[in-house]
Amino acid sequence: MAFNGYGVWAIYRFEMARALRTVWQSIVTPVITTALYFVVFGSAIGSRMTEIDGVPYGAFIVPGLIMLSLFTQSIFNASFGIYFPKFTGTIYELLSAPVSPLEIVIAYVGAAATKSAVLGLIILATASFFVPLEILHPFWMLAFLILVSTTFSLFGFIIGIWAQSFEQLQFIPMLIVTPLTFLGGAFYSIHMLPEPWRTVTLFNPVVYLISGFRWAFYGTSDVGIVVSLTATLGFFFACLAVVGWMFKTGYRLKN
């Protein structure tokens, strides 16, 4: 069957239109939250912790703040996008339409990743009003931004298929992803931790995502850039494999 570009575009456009109808929740709220983080962390803590690895503390936390919003928004956008058709029963119309599973994933995940990446750039622009920013590797910054947005949108897509209630939809992001982000070096360097906690932190996958993204800004990171990129790509392909298995078996899609 030939690639159904029209079907992909129709789903993608519908999902993007939904974001425009909820601009306050999709864009304004995260930006306000980011500004509050700068007030609390940048001013209160930054006045006592001037630099980390030669980077002013206010600027140091910018990549972590962007990643925090990227993780949560990517998961929310993708999970809600596929869960709502399940909740209303319109998922069967989608599955019976002349659109392949790959095209469905491209449309839903592409829309969620687009919204998250745009939000990340908006937060980056907001941060520039609070602290002086320097991006040493702009190509890799955009590459990590897009890769992480896509990866966590895939992860959110999996959660949306798995969830059977709105409570389950919020369970993993609130109780797992957000704590891992705060413990993953978003607001500090893991080199500041004593042993054995520094070694334990290396088992947190979020560390590698934030570290690679921070390297694109300042050329400094907690782990090597190659390790960060490899870990991010590994998570991406793992999510892709799980999504493929879900469509192949019809897990919580056809029953």
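The values are calculated or read from the model by the stated rules, or taken from the named source; none is laboratory data. Fair warning: this is a prediction, and the values are worked out from it, not measured in the lab. A quick note on method: Cβ atoms are made from the backbone with ideal geometry, for glycine too, and the neighbour counts reach across all protein chains shown.
Taken as a whole, the structure places Phe38 among residues that are at pLDDT below 85, surrounded by 17 or more Cβ atoms within 10 Å (Cβ to Cβ) and either touching a Gly at 6+ places or on another chain (Cβ under 8 Å) or not in a helix (DSSP H, G or I) (or both). One residue alone among Tyr251, Tyr188 is touching a strand residue (DSSP E or B) at 6+ places or on another chain (Cβ under 8 Å) and in a loop (DSSP other than H, G, I, E, B), and that residue is Tyr188. Is it true that Ser211 is within 21 Å of Glu51 (Cα to Cα), hydroxyl-bearing (Ser, Thr, Tyr), at pLDDT 90 or above and under 20 Å from the mean Cα position of the chain (by Cα)? It is true that Ser211 is within 21 Å of Glu51 (Cα to Cα), hydroxyl-bearing (Ser, Thr, Tyr), at pLDDT 90 or above and under 20 Å from the mean Cα position of the chain (by Cα). Scanning the range 65-91 for residues that are closer than 20 Å to Leu119 by Cβ, among the small types (Gly, Ala, Ser) and surrounded by fewer than 24 Cβ atoms within 10 Å (Cβ to Cβ) returns a single hit, Ser69. Looking across Val131, Val99, one residue alone is in contact with a strand residue (DSSP E or B) (Cβ under 7 Å, 6 or more places away or on another chain) and either on the phi > 0 side of the Ramachandran plot or surrounded by fewer than 23 Cβ atoms within 10 Å (Cβ to Cβ) (or both). It is Val131. Is it the case that Gly244 is surrounded by 14 or more Cβ atoms within 10 Å (Cβ to Cβ) and of a type outside the set (S, T, N, Q)? No; evaluated as a whole, the condition is false for this residue. The set of residues from the range 111-168 being of a type in the set (S, T, N, Q), in a helix (DSSP H, G or I) and under 22 Å from Phe80 (Cα atoms) comprises Thr114, Ser116, Ser149, Thr150, Thr151, Ser153, Gln168.
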